[in-house]
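Working notes, structure below.
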Amino acid sequence: MSKEINVAIVGTKFMGRAHSNAYIDVPHFFDLPARPVMRAACGRNVADLKGFAQRFGWQTTEMSWERLVERDDVDLVDICTSNVTHMPIAVAAAKAGKHVLCEKPIAMSAKEARQMRDAAREAGVRHMVAFNYRRVPAIILAKQLIDEGKLGTIRHFNAVYYQDWLVDPTFPMVWRHDVKEGGSGAHGDMNAHTVDLARYLVGEVEAVSGAKEIFVKERPLSDGSGTGPVTADDALYFIARFRNGALGSFTATRFATGRKNYLRLEIFGSEGSLIFNLERLNELEFFSLADEEKAQGFRTIVVTEGSHPFISAWWPPGHIIGWEHTFIHEVHDLLLAIDKGESVHPDFHDGLRCQQVLDAALESAIEGGWVEVPAE
Ligand SMILES: NC(=O)c1ccc[n+]([C@@H]2O[C@H](COP(=O)([O-])OP(=O)(O)OC[C@H]3O[C@@H](n4cnc5c(N)ncnc54)[C@H](O)[C@@H]3O)[C@@H](O)[C@H]2O)c1
């Protein structure tokens, strides 16, 4: 492996760590034509940044993303920052001729997402949104079964995404509570994932109707100087009509007491059904009417066979993989696409289409009634 792809990352915390781990691990397990070189890391806090770079092996540091995206020794910019920064960093990086990986939700609004998609297309660079759940082997298997017609006509796509980290009213304010930094709350954070999976597995959404709530309206400021207003939704639910006639429901809440990161999909078709639960991500439940009637029932497929997507790079059957592997698979596919000069999905167009659904659901939750999702 003689070729190199020089990577720069912006953001040093949760996603910064997950993506760094992926660049470290990917060449150890996959045969790639080009090796990722962890060239530069960028953050806002100098002590955090130095510690992060040292721990994960980023060769150099920058305090300014504006300088970072202009560097000649950078090929790929990986954006792991709060949502308000995605558009300016991605557009500047694309204009500087860099490939871009951007965390989800792609942007604060569909308007921003369109700017990102257009800038990336004009620059002719590779672009990807980090919807990492598309790289869970069980989700890819679900897509294969659907594409093979095993579910027949899909009638329902029901998604719940439950977390409970905000149940405590003394949990302090972070950027995720502020619409000016996040665009929305649980909605853009969690429904973004399930809307992307809905588009991947079922198809485009035509119209939505939603409701939202902020249950704790003031939270302590993290510097101890009092409290501040929460402006981003704690929960947003919506129902949807797909263009192919299926019905959908999407539930995102950070107030599901006892649930930690419970993302569950239920897909019902004319010939069969699928159930996926992220907290048991090595498994896929499958029901098929094609089975002999007396033996029908949901069966649990343990998605750890060498024939299952990505698994041959890992362990023998039954030796399960984890959440961090989804990021390794994601950067694997991106690095391959960069090397081959091919597109990779979900790209910024997918990010835009997802954001259009999110914007419509938010508008409906504020204004009431059904809101149509643009066709293009
Ligand atoms: N794919 C997933 O499963 C997943 C999970 C969590 C978060 N996310 C997404 O990842 C992104 C980051 O979330 P997080 O949980 O890592 O947040 P975080 O708060 O843990 O980290 C954000 C980082 O961005 C840095 N940052 C913010 N503005 C900056 C700027 N102008 N210049 C340089 N650095 C800046 C902060 O200093 C911090 O290091 C968000 O878009 C979030 O929605 C995705």
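The values are calculated or read from the model by the stated rules, or taken from the named source; none is laboratory data. Note that this is a predicted model, so its numbers are computed, not measured. A quick note on method: Cβ atoms are made from the backbone with ideal geometry, for glycine too, and the neighbour counts reach across all protein chains shown. Each accessible area value is taken on the protein alone, full model and side chains, heavy atoms only, with ligands, DNA and RNA left out. Shrake-Rupley method; radii C 1.70, N 1.55, O 1.52, S 1.80 Å.
Considering only residues that are assigned to a helix (DSSP H, G or I) and open to solvent by 60 Å² or more (accessible area, probe 1.4 Å), look in segment 275-291 and name the one that is farthest from LYS150 (Cα to Cα).
GLU279
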Number of the condition not met by ASN158 [criteria: (1) in contact with a helix residue (DSSP H, G or I) (Cβ under 6 Å, 6 or more places away or on another chain); (2) closer than 20 Å to LYS143 by Cβ; (3) in a strand (DSSP E or B)] | (1)
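Quick one: is GLU372 over 21 Å from the mean Cα position of the chain (by Cα) and free of Cβ contacts under 8 Å to residues at least 40 places away in the same chain? Before the answer, list the steps.
Details: over 21 Å from the mean Cα position of the chain (by Cα): yes; free of Cβ contacts under 8 Å to residues at least 40 places away in the same chain: no.
No: the conditions fail for GLU372.
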Filter segment 76-120 down to the residues that are away from the ligand (no atom under 16 Å from the Cβ) and without any contact (Cβ under 8 Å) to a residue 24 or more places away in the chain, then identify the one that is nearest to VAL195 (Cα to Cα).
-> LYS111
Name every residue in segment 336-369 that is within 18 Å of the chain's Cα centre (by Cα) and either open to solvent by 30 Å² or more (accessible area, probe 1.4 Å) or within 15 Å of LEU101 (Cα to Cα) (or both), in order of residue number.
-> SER343, VAL344, HIS345, PRO346, ASP347, PHE348, HIS349, ASP350, GLY351, LEU352, ASP359
Answer yes or no as to whether ALA159 is without any contact (Cβ under 8 Å) to a residue 40 or more places away in the chain, touching a strand residue (DSSP E or B) at 6+ places or on another chain (Cβ under 6 Å) and either surrounded by 24 or more Cβ atoms within 10 Å (Cβ to Cβ) or closer than 23 Å to THR326 by Cβ (or both).
-> no
Selection over segment 208-245 where residues are surrounded by fewer than 21 Cβ atoms within 10 Å (Cβ to Cβ) and either assigned to a loop (DSSP other than H, G, I, E, B) or charged (D, E, K, R) (or both) yields a count of 19
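Quick grid of which residues meet (1) in contact (Cβ under 8 Å) with a residue 60 or more places away in the chain; (2) of a type outside the set (Gly, Ala, Ser); (3) within 16 Å of the ligand (Cβ to nearest atom):
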site: ILE9; (1), (2), (3): yes, yes, yes
site: ALA22; (1), (2), (3): yes, no, yes
site: VAL37; (1), (2), (3): no, yes, no
site: THR61; (1), (2), (3): no, yes, yes
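Among the residues of segment 250-268, is there at least one that is among the polar types (S, T, N, Q), in contact with a Leu (Cβ under 7 Å, 6 or more places away or on another chain) and either in contact (Cβ under 8 Å) with a residue 24 or more places away in the chain or closer than 29 Å to ASP347 by Cα (or both)?
Taking segment 250-268 and keeping what is among the polar types (S, T, N, Q), we get 251, 253, 257, 261.
From what is left, the residues that are in contact with a Leu (Cβ under 7 Å, 6 or more places away or on another chain) are 261.
So of that shortlist, the ones also either in contact (Cβ under 8 Å) with a residue 24 or more places away in the chain or closer than 29 Å to ASP347 by Cα (or both) come out as 261.
Yes, because at least one residue in segment 250-268 is among the polar types (S, T, N, Q), in contact with a Leu (Cβ under 7 Å, 6 or more places away or on another chain) and either in contact (Cβ under 8 Å) with a residue 24 or more places away in the chain or closer than 29 Å to ASP347 by Cα (or both).
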Among (1) under 29 Å from GLU305 (Cα atoms); (2) within 16 Å of the ligand (Cβ to nearest atom), the one test that ILE140 misses | (2)
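Quick one: which residue in VAL167, VAL125 is open to solvent by less than 30 Å² (accessible area, probe 1.4 Å) and either under 21 Å from HIS349 (Cβ atoms) or among the aliphatic types (A, V, I, L, M) (or both)? Lay out the reasoning, then the answer.
Numbers: VAL167 fails: open to solvent by less than 30 Å² (accessible area, probe 1.4 Å).
After applying the criteria, what remains is VAL125.
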